[in-house]
Structure formats: structure tokens, C-alpha cells
Amino acid sequence: MRPTCKRCGAGAEIFLDYARINLCPECFKNLFERKVRETILRYRMIEHGDRVAVAASGGKDSSALLFVLRRIFPDLELSAIHINLGIGGYSDECEQKLLRLTKNLDVDLRVFNLKKELGISMGDFRNTVYKDRICAPCGTVKRYLLNKLAFEGEFTKLATGHNLDDVAEVLFNSYLYGEINQLVRLKPVLPSTHPKLVSKIKPLWAMTEMEDLLYASYCSLPFRAEECPFSRGTRSLERKKLLNDIAIRIPGFKHTFVKSHLKKLSPALERSVEVSSLVECELCGMPSSSKVCAFCKRIELAKGGKISNPEI
Ligand code: AMP
Ligand code: ZN
């Protein structure tokens, strides 16, 4: 017999294993929107007068984020920022899907094209010490540019599509290697610590990757289906699979892991970590913990400059 929706009794299509409930698509969409709204309010992510820029990759998470923000806060000042990473057909598809989505939503889209504006593409890092580990420099470049564009656009919040699975994976990895600074920075809201750093928010913090996919699909959003070719087989994906296996045996595992960290451990860790002071990068003037910022070092490396250890 077909299961029925716990909320309205119609035919259910979705089973949320962590909550053990069946839902129909309409009730699922309502629940998704309610949960995102609750997360935003609980952590005071968006306040009156905020100008919010969504870091939009063209994937399911940030596309769901843009759509849900427009739905639950119709009057919010909202824009999208996209970095075209120059990864062939993959990047073209991301940009095309975003052009459609933002047009449908009547939201401004600022596209920064790495190749056109900096003369490099992510693939150039293959010729450096990173070889096929492109995700590391890619993360640095994206974080820097998204912040810079949000700062220049005078946005007060930069929203990313990080979901519960992303957070649990970073948490797992940080505990594994004792990355205390990373553990402390893993929060739903990262306040600004420098006039040129825009506050970061993660409104999908409590939503699983599967929920984002279902929401984006049931709302018929245009989003790119394929994963980044450079992310195939990475350790981070392997760790996500492992955490999903645990969640099959312990329903709600990822929710509990993230919740316990934030509520009980994060405050204690925060008290024991010193905040590193920031200076302005000699080359670009953006905030940095060393004379030349991580972004400028990576870009020089991709252009064939001689930096023996870009991690320093
Ligand atoms: P990732 O680091 O690829 O897992 O992406 C995490 C979040 O960063 C996404 O949900 C987006 O909000 C943002 N993001 C990733 N890639 C891009 C991009 N190319 N342009 C703009 N934002 C991005
Ligand atoms: Zn710099």
C-alpha cells in the first residue's frame, strides 16, 4: 500500500528517515521553507536593512537557497554572485542555468569570469604542486572573490548554500586532524572581523543535501545536475559517503553530530582559540594573515610564478 502524507493524508512520495515521516511534495516544500525560515530566525542571520548576496554556483543547494529566500522574504534585497571557474562545459552549464533561474526570479546576477578577468582557469592549477587536488586552491579563490565582490557591491551578508552534509563532513575532517581553528569557524553565522570582510551566513545549515535536491526538483528549478569534474573521487566525497552509511545505522546521526558540536563543544573551543590579527595584503589590499594573501599567492602560482610553498 502506498504510504500517506503525515501532514495532509495525500499520497506520500518522500520519506524523511531522520524524522521517520512520509510527506507529499506540497507538504515537503512547506516544511522545507518553514525549517529554513526557523534557522534564519534562530541564528539571526538576516536582519532588517540587510542586503543579501547569494553565492550561487548553479548547483542544487545554492539554487534552492536563492529560490527559498525569495519565497520566504519577498521584500528582501537579494542578489546573486557567480564565479565562472573556466572548467569547460561544466562552467558553461552552471552559468546558463543561473541566468535562467535569476531571470525567472527577477534577481540581479553578477558573474565574475576567471578567464576573462584574471586570465586563468581552475585547470591551470594542474600544472602546479596541486596536480589533481584542485579543490584546495579552488576553495581559496572562490572564498576570496565572493567576499571581495560582496564587499564591493556593499552587501551586508554573503549567503552560501552549505548544507548539513557539508557541515558534518568538515566537522568530521576537522576532528580527525585536530583542526581547531576550522572547528571554531564552523558556524551558521560568521560575523565580520574586518571592515573588508562581509559577514557569512549558511541558511541551509540544517537541511540535508537530499532535501535541497528534492526541493530544487519539486520547485522545477534550473540547476546543473553533474558534479564538478575535479571533485570526482576526492576524500571529501568519500567522507560524505561514510557519514551517510553511519546515518543509515543511526538515523539522525548527522543532525546530532552538528547540533552537539555547535551547542556544547564550539563555545568551549572558542574560548581556547586566539583570534589571529589581520593585515592588508601588500598586493591587493584585502585582509590577510600574512604580507601577501593566500589568493594572490595562488593566482601567481597558476600564472606560472615561482612560489615554492603556496600554503605558507
Ligand atoms: P562547494 O565549496 O563547492 O561545496 O560550495 C559551497 C557553496 O559555495 C555553494 O553552496 C555556493 O553557495 C558557493 N559556491 C560554490 N561554487 C561557487 C561559484 N562558482 N560561484 C559562486 N558561489 C559558489
Ligand atoms: Zn592579496
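Coordinate-derived values only; no laboratory data. Keep in mind it's a predicted model, so treat the numbers as computed, not measured. Positions of Cβ are backbone-derived with ideal geometry, glycine not excepted, and every protein chain shown enters the neighbour counts.
Odds and ends about this structure:
- Aspartates and glutamates whose Cα lies under 18 Å from that of residue 115, excluding same-chain neighbours fewer than 8 positions away: 92, 93, 95, 124, 300
- Ascending count of other beta-carbon atoms within 10 Å, so fewest first, for 286, 1, 122, 45: 1, 286, 45, 122
- In sequence order, calculated HN-Hα J values of the range 273-284 (Karplus, 6.51, -1.76, 1.60; Hz; x Gly/Pro): 10, 7, 7, 6, 7, 10, 10, 9, 4, 4, 8, 10
- Highest-MSF residue in the chain out of 218, 177, 43 [GNM, Cα springs under 10 Å]: 177
- Prolate/oblate/rounded call for the range 112-152, Cα gyration tensor, a/c under 1.5 rounded: oblate
- Only Lys, Arg, Asp and Glu carry charge here, each on its Cβ (+1 for the first two, -1 for the last two); on that basis the range 1-133 has a dipole of about 420 debye about its Cα centre.
- Leading residue at positive end of dipole, the chain (Cβ point charges), from 251, 40, 24: 251
- Those GluC sites (Glu not before Pro) in the range 248-303 that DSSP places in a loop and that have at most 14 other beta carbons within 10 Å: 274, 282
- GNM flexibility winner over the chain from 289, 91, 57 (Cα, springs under 10 Å): 289
- Over the range 18-160, the hull volume per residue, using the convex hull of the C-alpha atoms, is 149 Å³.
- Net charge of neighbours whose Cβ lies under 14 Å from the Cβ of residue 132, counting Lys and Arg as +1 and Asp and Glu as -1: +4
- Residue pairs, from the table 202/241; 142/263; 6/35; 103/303, whose Cα atoms sit over 27 Å apart: 142/263; 103/303
- Residues whose amide H comes within less than 5 Å of that of residue 113, counting only those at least five positions distant or on another chain, are 84 (H built at 1.01 Å from N in the peptide plane).
- Long-range tail of P(r) for the range 232-312 (Cα pairs > 22 Å, %): 59
- Residue among 74, 294, 204 farthest towards the positive dipole end of the chain, charges placed on Cβ: 204
- Taken about its Cα centre, the chain carries a charge dipole of roughly 540 debye when the Cβ of each Lys and Arg holds +1 and the Cβ of each Asp and Glu holds -1.
- Residue-by-residue Karplus 3J(HN,Hα) for the range 21-29, coefficients 6.51, -1.76, 1.60, Hz, glycine and proline x: 10, 9, 9, 8, x, 5, 5, 5, 4
- Where Rh is the Kirkwood radius over Cα pairs, Rg/Rh for the chain: 0.96
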